[in-house]
Amino acid sequence: MDVKKITKNPLIYVALIGLLLIGGFMLISSLGAAKQISTQEGLELLKGDTVTKVVMTDGDQRVDMQLSKPFEGSESVQFYYVSERADSVISAINDAKPKDGFNDTVPKPTWFDGILSLLLPLILLGLLFWWLLSSAQGGGSKVMQFGKSRAKLVSKETPTVTFADVAGAEEALEELAEIKEFLQDPAKFQAIGARIPKGVLLYGPPGTGKTLLARAVAGEAGAPFYSISGSDFVEMFVGVGASRVRDLFTQAKENAPAIIFIDEIDAVGRHRGAGMGGGNDEREQTLNQMLVEMDGFDPNANVIVIAATNRADILDPALLRPGRFDRQIGVDAPDMKGRHKILEVHAKGKPLANGVDLETVARKTPGFTGADLANVLNEAALLTARSNAQLIDDRALDEAIDRVIAGPQRRTRVMKDKEKLITAYHEGGHALAAAAMNYSDPVTKITILPRGRALGYTMVLPVDDKYSVTRNELQDQLTYAMGGRVAEEIVFHDPTTGASNDIEKATDIARKMVTEYGMTTEVGPVKLGSGSAEMFVARDMNRGREYSESIAERVDEQVRKLIEQAHNEAYEVISANRDILDTLARELLEKETLDHHQIAEIFKDVRKLPPRELWLSSEDRPVSTLPPIDVPVTASEAGLAATTEADAPAKPGTATGTAGSTGHPRPATA
């Protein structure tokens with residue numbers, strides 16, 4: 001029984017108060033009540049000389065007597081009589097002649113007694129209701145503070161994170177350090193007419209350290225730091241969020257210069273008019289108030305707003321314009337060097353065994369965020385403690401990486417020999433297809449041990465960090481994804497459902513190649529569709545599809561063509577290397593897990609697929625006589641002339657460039 005949980009339930013206190021009230025009323029009534037005796041005992045007392053006062057009530061047929069000497073411990077007694085004995089009772093009372101007299105009328109209650117009996121229950125109920133309301137609001141003082149800000153003030157005395165605890169985001173740290181410098185020495189910037197940004201927006205994927213950066217600013221800044229979440233503004237009552245925004249900025253202005261940090265600002269700063277029927281009135285009023293406070297009539301407020309979000313694309317444009325969030329800092333997944341620094345930060349206080357190289361761990365974790373890397377080291381520490389070891393070794397780190405990528409190993413799952421054989425050939429097909437391609441990343445691990453929802457997986461890791469992907473690399477990814485299915489077809493002639501996730505990933509890559517990357521001649525370099533994972537209903541509901549039915553049919557044909565081409569390439573390389581596939585499957589059945597050294601030994605004689613022909617953006621264009629560039633060169637070496645502004649005027653606020661990849665997917669295929 002959880003005693004603490006029970007004591008926190010307000011119903012327990014309500015029941016206790018009710019029991020106390022009932023007990024109090026019973027005690028009061030018992031103190032004023034007379035002792036009941038029989039009629040015969042009452043008549044015997046009237047014959048003696050101890051009765052001092054008698055009150056007779058005809059309606060109740062009751063006699064109350066006061067005694068000069070206690071009878072059985074009570075000086076006040078009462079008895080009831082029947083109508084037939086009324087005359088004898090009256091005669092006995094007259095014979096007794098009590099000193100304080102005899103009264104045969106019922107005393108009436110006073111007006112004060114009536115008011116008290118009416119108001120007392122109401123007062124008690126009112127006190128109970130006030131107590132319940134104050135408990136629900138977190139204290140009696142908060143009952144009248146419903147519209148007050150819930151921001152937490154982080155002081156210098158509070159244990160905080162500093163810039164020294166943040167790694168892998170040097171550019172963001174440099175920008176935020178400027179804010180710290182301005183707060184400490186504003187005259188340096190004001191002397192040359194510089195104005196510090198009013199707002200700084202940190203955006204990027206989850207787990208990249210946006211909130212950690214804000215906590216570091218709080219630890220470094222010598223100014224009040226107010227921290228609040230975007231969801232703290234939104235309530236069911238319209239106007240409460242706007243009131244809290246006003247109160248928050250009022251507190252910050254009174255203690256200026258100050259910093260306000262709003263975590264997950266997309267909860268309140270979403271694009272207005274993005275919902276069915278006009279949107280959320282409470283959220284839009286809160287956003288309007290925030291816009292006014294960030295760009296009001298007071299230019300010298302010296303209040304800096306730092307916000308964090310995972311979805312900068314859904315924020316309202318008015319919130320992102322200069323004058324509000326002047327500076328927008330992207331916090332992406334770290335590169336290999338950044339991952340190494342992050343691992344060094346999180347490895348402090350953890351005993352590592354001799355020979356553990358964190359740089360090697362960083363190379364094994366491309367695409368991992370700071371939160372993922374912290375989780376890897378924490379999982380390694382837990383595994384070490386579970387095995388009663390004293391030092392974290394490479395085996396614990398490798399297992400921790402696998403747990404973060406694919407989940408914990410399912411040791412209790414018992415697979416039949418036939419399913420184990422199919423899994424071995426399936427994963428071998430993935431690995432062989434990747435090894436036989438010319439632009440795929442090297443295979444570093446294969447296992448047929450169930451982990452998470454997968455019966456096995458193959459891991460490929462890039463040698464270096466990549467920020468863009470070529471068409472040949474994407475085609476190799478399609479071939480790699482189809483390798484498991486093709487191996488099942490070649491060996492067993494009866495494919496299984498194990499390739500469902502592979503087909504899903506391949507279809508997604510192929511559709512993006514056609515609709516987003518413009519990598520097919522039949523469709524061309526045209527952007528088809530919004531490409532956004534989230535649709536704004538009110539904004540996009542009445543907007544028709546941006547391409548015709550014939551284009552949609554052509555897109556489907558090209559997606560199918562790319563996947564069929566990948567299927568044929570996988571079939572070709574696996575058929576040509578069938579003996580290597582059998583060897584790999586036997587090794588997997590025997591050892592269950594193979595590392596990159598064992599895989600390289602098996603794949604040393606793999607026959608690779610011939611290079612694909614060069615792709616042209618249009619069949620009508622003549623083939624260039626220049627050879628393809630295989631090494632990085634400068635613009636002058638490639639014979640390209642720089643374009644001046646006069647040659648290519650651009651609209652203000654727009655920019656063109658090479659779009660980098662949005663981050664590597666987890667390097668494992670089940």
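Here is a check on your reading of the model: is Y480 touching a Ser or Thr at 6+ places or on another chain (Cβ under 8 Å) and part of a helix (DSSP H, G or I)? Spell out the reasoning first.
Working: touching a Ser or Thr at 6+ places or on another chain (Cβ under 8 Å): yes; part of a helix (DSSP H, G or I): yes.
The answer is yes for Y480.
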Checklist entry - Of (1) of a type in the set (F, W, Y); (2) crowded, with 16+ Cβ neighbours inside 10 Å; (3) at pLDDT below 90; (4) over 18 Å from H596 (Cβ atoms), Y467 satisfies all except one. Which? => result (2)
Next on the checklist: Can you say whether M437 is at pLDDT 85 or above and either farther than 20 Å from E601 by Cα or under 32 Å from the mean Cα position of the chain (by Cα) (or both), as far as the supplied structure shows?
Outcome noted: no
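When the residues of the range 444-453 are narrowed to those that are touching a helix residue (DSSP H, G or I) at 6+ places or on another chain (Cβ under 6 Å) and surrounded by fewer than 24 Cβ atoms within 10 Å (Cβ to Cβ), which ends up nearest to P611 (Cα to Cα)?
Let us first name the residues in the range 444-453 that are touching a helix residue (DSSP H, G or I) at 6+ places or on another chain (Cβ under 6 Å), namely 444, 446, 448, 451-452.
So of that shortlist, the ones also surrounded by fewer than 24 Cβ atoms within 10 Å (Cβ to Cβ) come out as 444, 451-452.
Numbers: T444: 23, R451: 35, G452: 36 Å.
Across the range 444-453, the extreme among qualifying residues is T444.
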Checklist entry - Can you tell me how many residues in the range 323-345 are within 15 Å of T365 (Cα to Cα), aliphatic (A, V, I, L, M) and buried (at least 19 other Cβ atoms within 10 Å of the Cβ)? => result 3
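Please find, within the range 379-409, the residue that is farthest from P206 (Cα to Cα) out of those that are in a helix (DSSP H, G or I) and in contact with a Gly (Cβ under 8 Å, 6 or more places away or on another chain). Let's see the steps before the verdict.
We begin by selecting, within the range 379-409, every residue in a helix (DSSP H, G or I); these are 379-386, 394-406.
Those still in the list that are in contact with a Gly (Cβ under 8 Å, 6 or more places away or on another chain) too: 394, 406.
Values: D394: 27, A406: 18 Å.
Out of the qualifying residues, it is D394.
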Item to check | Close pairs (8 angstrom Cβ cut-off, 6 or more residues apart or separate chains): surrounded by 14 or more Cβ atoms within 10 Å (Cβ to Cβ) in the range 32-55, basic (K, R) anywhere | outcome: T39/R85; T50/K69; T52/K99; K53/K99
Item to check | Test: residue in the range 155-176 that is at pLDDT below 70, surrounded by 13 or more Cβ atoms within 10 Å (Cβ to Cβ) and not aliphatic (A, V, I, L, M) | outcome: yes
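Okay, residues lined up against (1) under 18 Å from I574 (Cα atoms); (2) more than 29 Å from the chain's Cα centre (by Cα):
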| position | (1), (2) |
| --- | --- |
| G452 | no, no |
| M482 | yes, yes |
| V491 | yes, yes |
| D502 | yes, no |
| A510 | no, yes |
| G518 | no, yes |
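Name the residue, out of V537, V555, V491, V559, that is at pLDDT 85 or above and more than 30 Å from T444 (Cβ to Cβ). Break it down into steps so the answer makes sense when it comes.
Values: V537 fails: at pLDDT 85 or above; V491 fails: more than 30 Å from T444 (Cβ to Cβ); V559 fails: more than 30 Å from T444 (Cβ to Cβ).
Of V537, V555, V491, V559, the one residue that is at pLDDT 85 or above and more than 30 Å from T444 (Cβ to Cβ) is V555.
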Item to check | Residue list for the range 187-214, restricted to those being without any contact (Cβ under 8 Å) to a residue 60 or more places away in the chain and assigned to a loop (DSSP other than H, G, I, E, B) | outcome: A191, I192, G193, A194, R195
Next on the checklist: Residues that are in contact with a Phe, Trp or Tyr (Cβ under 6 Å, 6 or more places away or on another chain), hydrophobic (A, V, I, L, M, F, W, C), over 29 Å from E284 (Cβ atoms) and at pLDDT 80 or above: does the range 190-204 have at least one?
Outcome noted: no
Item to check | First in the range 242-263 and without any contact (Cβ under 8 Å) to a residue 40 or more places away in the chain, second anywhere and outside any helix (DSSP H, G or I) and surrounded by fewer than 19 Cβ atoms within 10 Å (Cβ to Cβ), Cβ under 6 Å, 6 or more apart | outcome: none
Checklist entry - For D313, all conditions in the list (1) at pLDDT 85 or above; (2) of a type in the set (D, E); (3) more than 23 Å from F249 (Cα to Cα) hold save one; what is the number of the exception? => result (1)
Checklist entry - Could you list, in sequence order, the residues of the range 359-378 that are in contact with a Ser or Thr (Cβ under 8 Å, 6 or more places away or on another chain), surrounded by fewer than 23 Cβ atoms within 10 Å (Cβ to Cβ) and assigned to a loop (DSSP other than H, G, I, E, B)? => result K364
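Residues V55, V77, V63, V89: which one is at pLDDT 65 or above, under 19 Å from I37 (Cα atoms), among the β-branched types (V, I, T) and assigned to a helix (DSSP H, G or I)?
Values: V55 fails: assigned to a helix (DSSP H, G or I); V77 fails: assigned to a helix (DSSP H, G or I); V63 fails: assigned to a helix (DSSP H, G or I).
Unique residue meeting the criteria: V89.
Considering only the range 215-266, how many residues are in a strand (DSSP E or B) and not hydroxyl-bearing (S, T, Y)? Let's see the steps before the verdict.
If we filter the range 215-266 for residues that are in a strand (DSSP E or B), which is where we start, we get 225-229, 258-263.
Okay, now just the ones that are also not hydroxyl-bearing (S, T, Y), so 225, 228, 258-263.
Qualifying residue count, the range 215-266: 8.
For the range 440-464, how many residues are aliphatic (A, V, I, L, M), part of a loop (DSSP other than H, G, I, E, B) and modelled with pLDDT of 85 or more?
Initial filter on the range 440-464 (aliphatic (A, V, I, L, M)): 443, 446, 448-449, 454-455, 459-461, 463.
Next cut, part of a loop (DSSP other than H, G, I, E, B) only: 448-449, 455, 461, 463.
Subset that is modelled with pLDDT of 85 or more: 448-449.
Matching residues across the range 440-464 total 2.
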Checklist entry - Say we look at the range 379-401 and pick out the residues that are crowded, with 21+ Cβ neighbours inside 10 Å and in contact with a Pro (Cβ under 9 Å, 6 or more places away or on another chain); which of these is farthest from A454 (Cα to Cα)? => result I392
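The values are calculated or read from the model by the stated rules, or taken from the named source; none is laboratory data. Please read these numbers as outputs of a predicted model, since none were measured by experiment. Methodologically, a virtual Cβ is constructed for each residue, glycine included, from the backbone with ideal geometry; neighbour enumeration extends over all protein chains shown.
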